[in-house]
Every structure is written in structure tokens, then in C-alpha cells.
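Below: one structure, written as C-alpha cells.
The values are calculated or read from the model by the stated rules, or taken from the named source; none is laboratory data. Quantities reported herein were computed from a predicted structural model and do not represent experimental measurements. Ideal geometry is used to build each Cβ from the backbone, glycine not excepted, and the neighbour counts take in all protein chains shown. Side chains are part of the model used for accessible areas, which takes the heavy atoms of the whole protein and leaves out ligands, DNA and RNA. Shrake-Rupley method; radii C 1.70, N 1.55, O 1.52, S 1.80 Å.
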Amino acid sequence: MRIAVVAPSIPILPEVARRVRAIAEARYPEAELFFHPQCFLIHNHFAGDDAARANAFVQMANDPHVDALWFARGGYGSCRIAEEVLGRLEEGARDKVYMGYSDAGYLLAGLYAAGYPKVVHGPMPIDVRREGGEAAVHRALAWLISGAKESVDPSVGGAKVAAFNITVFSQLLGTPLQPDLKDHVLMLEDVSEHLYRTDRSMFHITSNPRVRKAAGIRLGRCTEIPDNNPPFGETEEEIVRHWCGRSGIPYLGRADIGHDADNKVVPFG
């Protein structure tokens, strides 16, 4: 299996690629892991300019010898190229797996909206730098290579599912990237957001008429929450419960996803 790593947002260091390659070579010899040189480019904030990032994605997605695209990391930048790359994909790109989370959610959403069947929320190479992060890389590779059930969020099963970062998902609503999540369980997580911003995003998400057709919402972990001044007075779960109640979307409990080493795999659909 050939897995291509691309960076649609910001770059990674060569040290990340070395560590992830070492894990793959030691544990998954049947996999060929290729880090596109674009992953290491630097242009202002990004891993290369918009054209470089878009071209790397399209090149790997259209390559008949590549089985999966694994997004290197989150950050910011995917929204700047998402619509362009979707318009340049050939039919063979539909056969590939696309895995990532966080800012990569713009691409995952657009791919899923366009009917791509193998869209997956899951750990990324950059997670190797977290405490306990090698386990996250193992989890992603095990699912990519063998579909390991133990890698998947235990709540997945039965209803269709999709998973996103709260802020990213809120921002893509109303754009051509918004997928149809009717009858889906929508899993949401976030990082480094004040609680008042989470409240604002949940207002926007649960007010969307298409999102209100979801089967329900599960909340993953919201981590590294900055202090509110004055204190917001509600936890992230209380916020999500509030807006689910206001909108009539069932709140279904917690999900085992987040910006951490425990982040589980969620195959869309």
C-alpha cells in the first residue's frame, strides 16, 4: 500500500517525517510511506504558496499508484485551495482514502460533499510530536493498512457519521464545501478556543437548516481552552447541550476524538 503525505496548510519538519517513517518501516513493512517534498516548503505562513500546495494534492490524488493521502498536519490554509483541487481531480481519485483532521476538515468536507466514499477523520503525522503521540501514528497506520477496528471511535456503528473541528465546520457552512449530513451523527471537537467562541460557533452550526437534519451531535474533547475574562460560566458540554436543545438536534453524548494522542479514527458515512 502506498500512502502519500501532503501538507495542505503549514509545513512539518523533516524530523517528523523521519520519526513517522521509522514507525511505518518497523511495524508496517507492507506500506510504502512517501512524504511529498511540498510538506517541507515554507512560504509565509504556509507549506508553499497556494499553487504548490494545490499541485501536490492533485498530483498525489490523481496518481494511480497511490492508495491513500494522509494530511501532514492542521494549522491553517486548506480552505485556500479546497475548491480548486476538487475541480482538478480525475475519476481515479475517488478510489483513494483521505485522512486527517483539524484544518484538513475543509478538504474532508469538500470531498465528502462531492461523493468521495473514503473520507476519514484520524491522526496525522504531526501527532508523533505529542506526548504519547507514537500511539496516534500507529492507530492511523493500522487503520489505513488493515482497517483495524480498535483504531475507530467506539461509538461508531449503525448510523452514518462525520467528524470535524468545531471552528472549521462552522466556517465552511454555507460554502460549496458543506456536505449533506442528513441522518448522520456529527462528531465535533476543538482546541485553543475561548468558550464564548465555542458558544458562537455552536449557535452557527445548530442554526444551519441542513445540519438540523443530522441524527445528532456527539462532543469530543475541547482542549487547551484559554481563560475567559469574565468567566463564561458554562463548560463546553453545557454549551453543546444548550444549542442542541435550542435547535432540536439530539445530543448523543461524548466522542473519543480531539487534538491529542488519544484521537480516534472516524470513517465518514
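Over segment 98-196, with every protein chain in place, what whole percent of the accessible area is carbon and sulfur at 1.4 Å, could you tell me?
After summing per-atom areas, the C and S share lands at 48 percent.
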**Request:** Mind jotting down the distance between the C-alpha centroids of segment 21-40 and segment 72-116, whole Å?
**Result:** 21
**Prompt:** Would you list Asp199, Asp262, Asp103 from the most to the least accessible area, probe 1.4 Å?
**Reply:** Asp262, Asp199, Asp103
**Asked** In whole angstrom, how long is each semi-axis of the equivalent ellipsoid of segment 74-172, when you take the square root of 5 times every eigenvalue of its Cα gyration tensor and sort them from largest down?
**Response** 22, 17, 14
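Local charge sum around Glu234 (other residues, Cβ-Cβ under 12 Å, Lys/Arg +1, Asp/Glu -1)?
Within the 12 Å Cβ shell, the charges total -3.
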**Counting DSSP beta bridges with both ends in the chain, the antiparallel % (nearest 5)** = 10
**Request:** Determine the sum of side-chain charges near Glu193: Lys and Arg each +1, Asp and Glu each -1, restricted to other residues whose C-beta is under 11 angstrom from that of Glu193.
**Result:** -3
**Message:** Ignoring ligands, DNA and RNA, please state the percent of accessible area on segment 1-78 from carbon and sulfur, probe 1.4 Å.
**Reply:** 55
**Accessible surface, 1.4 Å probe, highest first, among residues Phe34, Phe203, Phe169** = Phe203, Phe34, Phe169
**Message:** Leaving out ligands and nucleic acids, and using a 1.4 Å probe, what accessible area per residue does the chain come to in Å²?
**Reply:** 42
**Computed over the chain, Kirkwood Rh from alpha-carbon pairs, angstrom** = 18.5
**Fill in**
When the charge dipole of segment 62-108 is computed with +1 on Lys and Arg Cβ and -1 on Asp and Glu Cβ about the Cα centre, the Cα farthest towards its positive end, among Gly87, Gly105, Gly75, belongs to Gly75
**Asked** Once fully extended, how much extra length lies between Asp50 and Asn62, figured as 0.36 nm per residue of separation less the alpha-carbon to alpha-carbon distance?
**Response** 2.5 nm
**Fill in**
Restricting to lysines and to Cα separations under 21 Å from Lys149, and discarding same-chain partners fewer than 8 apart, the set is Lys96, Lys118, Lys160, Lys264
**Asked** Using unit Cβ charges (K, R positive; D, E negative) and no other charged atoms, how large, in debye to the nearest 20, is the dipole of segment 75-151 about its Cα centre?
**Response** 80
